[in-house]
Amino acid sequence: MPAVLLSPVFNAWQGFSAGGLPLSGGFLSTYLAGTLTPAATYTTNAGNVANATTIQLDAAGRPPQEIWLVYGQAYKFILTDALGTNPLTFDNISGVASSTADLQFDATEVYPGGTVGKAIQDRGLCPLDEPFNAVGDGVADDTAAINACLLAGLNVYFGGTDVSYKISGVLYGRSGHKFTGSATITQTASETQMFDVQGKSNISFDGRLRMVGQGVYTASDSSKNVAIYGTGGESNITATHCIFENFGYTPFRMLGADKCKFNFNDVIGPTGLTPVTDGKNYGALFDTGCTNYECIGNDITQTAQGVRIEQAIRGQCNLNNIHGITGQHGLYIGSGVITLDVLGNTIDTVSLIGIKVQAAAGAADCNGIVVSGNSINGAGDQGILFCNGVGSTAQAEKVRNSIASNNVICNSGANALNLQNCVGVEALGNVIDTATQSGITWSACDDCVIQDGIVKNTVLSGMRDATVSTNMILRGVKIRNCATGVTAGDKYGLLLQDCTGYTVDNLHISDANAKMEFGIRVTGGTPTNMILVNNTVTDATNYGAALLTGTMKSYRNNTFAGTNGPLASEPVPPTLAPAATTMVVPMGWDTYYLSASGTAITSIPAGGLSGRTVRFIAVGVSTLTDGGNLRLNGSLTTKANDTISLTSDGSVVYEVARSVN
């Protein structure tokens, strides 16, 4: 029995036709190298059972047995289809070690690509090796040689930085491929993908492999000017630590793929993209139907958009460095995206929007997007925009149940943070410095929260609404030195043009530049269901606030200061009109009008009054009777303009003071 070594080709291998179908019933014939003399191979490492010299592939296009080669003997393989046509020849193939005990190589030997002292099965097949015989000089066309290598094995090493391949067609990935090395591969064919991984799984690209595209921008979502190209059904396609340059569409395009990752790569877009108004050039693209995807730690520059994600579910887009974007946005998150984390990215100098989340009209909602801890500087338009594609008017498709929190947004060309057509969105703890328009603006929103954080140095009002929004909570934001452009009608700390269902609580508004006219300006809406409490305004050049007349749901503990006084106009306290002996005092105000009543008031429930002092201003004759749970300094029958102040310990209501006017 001869000594045998494992064949480096056609083990754990599957053949495919040019049309991508399994090479069912194909033939693999074995000969002595350089001849047509049949040569036996063996099915086991014992060398005791021979394969036929013409092996027929099974229905899946695989050899039915392992292939072991006689030690020291070189072979020729000829692969054909089931009709014996379309032959592919692989010559001068020798066996390789199957275990560490079989390793036989000279530690001083330099293999292709500069890999010293490394056995071929350890680094994988290399296109430069025989029988593939790629040239790797950047001049010769190595397409066929590389594809032959990819067909022969799953572990492919392309060589070191001294190797440069030129290709003029598609390289076909197979499920299980592992690509390593730091060589350069340059695509010279127009509108042709470099690696086609359509429908494949478990393929990895690693090791500083450098891929260079043709650089032709086609402004088409069907473009194939792509490095790694998938169009549906892929899974576990991973590109890490690679370099991508000059791809006219995108380096990494996945569609309907699961568990695909684009992590820690360098992307340099093509030149000549100024301007790119439609923006169809991306650092990475996760398209319709992708699930459980990652885009982490990449450095992306000179593309029309940094990363684009559409109609994808459960993703991570974190810790990317995106800069020098020519045309559109740093990150674009389109319709139908559900459950996506956008965390810790640095976005610097983009033509339009730093991070855009868009539920396009007629498409689908965005839901569960978390945009947190990002740094955005120098966006030509908005810093962060949550929107529907048609703008600020109300639309059916919304951004829902999403968060923009703890982001730092500086030097925005328009609004720093803009919420349009949002439901249940929270903007929390964001720091905004210098915006050509407002720091935070919103329109056509419902049930959203803007809380904490700092807004400073805006040209227009620090915070403002644009169109009707409802049930908004504005709480705890510090607004500093805004309205620096002194634009008529828009030079306020907070501008509300429609205040329906608003809660404005604990804002701190000031201006050291003496340009802010009013700290809070309310010009429209329904104040009867508005809450305005615990706010502080200083340094207004006119009045501290200008509010709508009429009553509010709650108005108390506000401190307003301006050159001309605290308030230009203010709300009117609500009127209590008791029709029974028990008068219920609602929470929300510290002052109420008390209308005339023909029924003496003998009881006031203490709930909600504990720790509060509430003032009543009489507008007619009413009687409050000492006794029961009312502890008064004698009963009081009022006339117009009399007052009485009451407090409570939670059970008994006590008189604090009265004035008879």
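The values are calculated or read from the model by the stated rules, or taken from the named source; none is laboratory data. As the structure is a prediction and not an experimental result, all values here were calculated from the model. Positions of Cβ are generated from backbone atoms using ideal geometry, with glycine treated the same way; all protein chains shown enter the neighbour counts. With ligands, DNA and RNA removed, areas are computed over all heavy atoms of the protein, side chains included. Shrake-Rupley method; radii C 1.70, N 1.55, O 1.52, S 1.80 Å.
Observations
- Length gained on full extension, Ser190 to Ala82: 35.5 nm, using 0.36 nm per residue less the C-alpha separation.
- Note on Ser168 and Thr526: the model spin-label points, each 7 Å out from Cα along the C-beta direction, lie 7.2 nm apart.
- Structural descriptor for the chain: relative contact order 4 percent, calculated from alpha carbon pairs under 8 angstrom and at least 6 residues apart.
- Contact order normalised by residue count of the stretch 559-634, Cα under 8 Å, 6+ apart, percent: 28 percent
- Entry note, the stretch 523-661: relative contact order of 16 percent, from Cα contacts under 8 Å with a spacing of 6+ residues.
- Per residue, the chain exposes 37 Å² of accessible surface when a 1.4 Å probe is rolled over the protein heavy atoms with every protein chain present.
- Where only C-alpha atoms are counted, convex hull volume of the stretch 430-526 per residue in Å³: 77 Å³
- Relative intensity, log₁₀ I(q)/I(0), of the chain from a Debye sum that treats every alpha carbon as a point, q = 0.07 Å⁻¹: -0.62
- The stretch 536-661 has equivalent-ellipsoid semi-axes of 30, 16, 13 Å, by the square roots of 5 times the alpha carbon gyration tensor eigenvalues, sorted largest first.
- Contour excess over end-to-end distance, with Cα ends at Ala140 and Ala363 and 0.36 nm allotted per residue: 75.5 nm
- Cross-link pairs exceeding 22 Å in C-alpha to C-alpha distance, out of Lys200/Lys356; Lys200/Lys259; Lys356/Lys491, comprise Lys200/Lys356; Lys356/Lys491.
- Gyration tensor verdict on the stretch 171-328 (Cα atoms; rounded if a/c is under 1.5, prolate if a/b is larger than b/c, oblate otherwise): rounded
- Folded to 0 to 90 degrees: helix 143-152 orientation relative to the chain principal axis, Cα: 90 degrees
- Spin-label pair Thr54-Thr625: with each label point 7 Å from Cα along the Cα-Cβ axis, the two points sit 11.8 nm from one another.
- Cα gyration tensor shape for the stretch 121-161, rounded if a/c is under 1.5, else prolate or oblate: oblate
- Prolate/oblate/rounded label for the stretch 437-483 (Cα gyration tensor, a/c 1.5): oblate
- Fully extended contour minus Cα-Cα distance, from Ser603 to Ala580, at 0.36 nm per residue: 7.3 nm
- Average 1/r across all pairs of distinct alpha carbons in the stretch 331-437, invert it, and you get the Kirkwood radius: 13.3 Å.
- Per-atom-type breakdown for the chain gives carbon and sulfur 51% of the accessible area (1.4 Å probe, protein chains only).
- Summing charges over neighbours of Tyr293, with a neighbour being any other residue whose Cβ is under 14 Å away from its Cβ, gives -1 when K and R count +1 and D and E count -1.
- In the chain, the calculated helix contribution to ellipticity at 222 nm averages -500 deg cm²/dmol per residue, counting -39,500 (n - 2.57) for every DSSP H run with n ≥ 4.
- Between the amide H of Ile185 and those of Tyr165, Arg210, Met211, Val212, distances stay under 5 Å, these residues lying 5 or more places away or on another chain, with hydrogens modeled in the peptide plane.
- Debye log10 I(q)/I(0) for the stretch 192-259, one point scatterer per Cα, at q = 0.17, 0.29 Å⁻¹: -0.56, -1.28
- Taken as Cα centroids, the stretch 337-400 and the stretch 167-221 sit 30 Å apart, rounded to the nearest whole angstrom.
- Each Lys and Arg Cβ is given +1 and each Asp and Glu Cβ -1; about its Cα centre, the stretch 519-661 then shows a dipole of about 120 debye.
- Inter-label distance for Thr613 and Thr434, nm, one decimal - labels placed 7 Å from Cα along Cα-to-Cβ: 4.8 nm
- Nearest-0.05 FRET efficiency for Ala561 and Ala640, computed from C-beta distance (R0 30 Å): 0.45
- Residues whose amide H lies under 5 Å from that of Tyr75, counting only those 5 or more places away or on a different chain, are Ala33, Asn92, Ile93, Ser94; hydrogens are built 1.01 Å from N in the peptide plane.
- Close amide-amide hydrogen proximity is noted between Asp348 and Ile322, His323, Gly324, Asn377, each under 5 Å apart and 5 or more residues distant or on a separate chain (H modeled in the peptide plane; Pro and chain starts excluded).
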